[in-house]
Amino acid sequence: MNLHEKDVAQTTAEWMSQLQKDLEDSSREFAAAMAEYEKEQDEAFKILALHGGWLGMERHFTSSQARLVVQLYRTEGAAAMNDAIANYFNIKHCARLSEMTNAWSSTPYLRDRQAIIRDAVSAHREGHFTLTVPALLPLVEGLSAEIVGIAIRNQNVVKAVARDWKRREAEVWAQVFADVVEHVIYKSYDFGNDRAPYLNRHGILHGRVPDYADKLNSLRVFLLVDAIAHLWHEKQQKTPLSTSTIASATL
């Protein structure tokens, strides 16, 4: 090998070495960026659920939309975030809400109850939220019973479904879904002494809460039905809930 060939070989080796280093640096930077992106995404959906009661938003918001709404929460507060989400579903005569509920016809249990759902959507459009919330909450329990698939006594089927999803799914939205179901919507509390959560099935359907009826709670219940419908479809491809999960879901 002559001197020129040696120089070319050395230059090529140095170039390859630098290229490898650049690729490794780029790979580390990409991995770090993705980790930060996923962290921000998880934090966004966590805030939507735990600070707003918005469940199942991973199917309605992109990660970018979720982060934008959460930025609104951080700069202007929960009320601004909640209003933005309500407007998202309510604009154009509740077009997105209608699209969501129309898709429920693929779920046999909900298809058989289309009259209830149509009336609920109509009532929501007209601002009659005293009608939407108590009409839809029983559908959450009925469809959850379809998912559980067996007769149980003194057990809360919605909690059973939520806990099973939390056990099977590592994504943050499954974890916070179970938390809101257990500690807010289906939380047991002393009607006489405890303050009711902002949306609580027991307080509403037992006639103990007079001020549940607003556009936010109405949308929250629509989204809860939608989330349970999603889990019903998921269940068609999976094995039934475990007995231990069901047994732990107390009223």
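The values are calculated or read from the model by the stated rules, or taken from the named source; none is laboratory data. On a predicted model such as this, the values are computed, not experimentally measured, just so you know. Glycine gets a Cβ as well: all are built from the backbone with ideal geometry, and neighbour counts include every protein chain shown.
Looking only at the stretch 150-157, decide whether some residue is buried (at least 22 other Cβ atoms within 10 Å of the Cβ), out of contact with any strand residue (DSSP E or B) (no Cβ under 6 Å at 6 or more places or on another chain) and under 13 Å from Ala227 (Cβ atoms).
Scanning the stretch 150-157 turns up no residue that is buried (at least 22 other Cβ atoms within 10 Å of the Cβ), out of contact with any strand residue (DSSP E or B) (no Cβ under 6 Å at 6 or more places or on another chain) and under 13 Å from Ala227 (Cβ atoms).
Could you go through the stretch 186-193 and let me know if any residue there is basic (Lys, Arg) and modelled with pLDDT under 90.
No, the conditions are met nowhere in the stretch 186-193.
What about Ala135, is it closer than 25 Å to Lys238 by Cα and either surrounded by 14 or more Cβ atoms within 10 Å (Cβ to Cβ) or in contact with a helix residue (DSSP H, G or I) (Cβ under 8 Å, 6 or more places away or on another chain) (or both)?
Values: closer than 25 Å to Lys238 by Cα: no; either surrounded by 14 or more Cβ atoms within 10 Å (Cβ to Cβ) or in contact with a helix residue (DSSP H, G or I) (Cβ under 8 Å, 6 or more places away or on another chain) (or both): yes.
In short, no.
So Leu97 clears everything in (1) closer than 21 Å to Glu234 by Cβ; (2) crowded, with 21+ Cβ neighbours inside 10 Å except one condition, right? Which one?
All conditions pass for Leu97, except number (1).
Could you check the stretch 169-209 and list, in sequence order, the residues that are under 14 Å from Val221 (Cβ atoms) and basic (Lys, Arg)?
Arg201
Which residue, of Ala145, Ala80, Ala103, is more than 28 Å from Lys238 (Cα to Cα) and out of contact with any Asp or Glu (no Cβ under 6 Å at 6 or more places or on another chain)? First the steps, then the outcome.
Values: Ala145 fails: more than 28 Å from Lys238 (Cα to Cα); Ala103 fails: more than 28 Å from Lys238 (Cα to Cα).
Ala80 is the lone residue from the list that is more than 28 Å from Lys238 (Cα to Cα) and out of contact with any Asp or Glu (no Cβ under 6 Å at 6 or more places or on another chain).
For Val8, are the conditions met, namely being modelled with pLDDT under 90 and within 30 Å of Glu126 (Cα to Cα)?
When the stated conditions are applied, Val8 does not pass them.
Select, from Glu169, Glu182, the only residue that is surrounded by fewer than 21 Cβ atoms within 10 Å (Cβ to Cβ) and in contact with a helix residue (DSSP H, G or I) (Cβ under 7 Å, 6 or more places away or on another chain). Spell out the reasoning first.
Numbers: Glu169 fails: in contact with a helix residue (DSSP H, G or I) (Cβ under 7 Å, 6 or more places away or on another chain).
From the options Glu169, Glu182, the qualifying one is Glu182.
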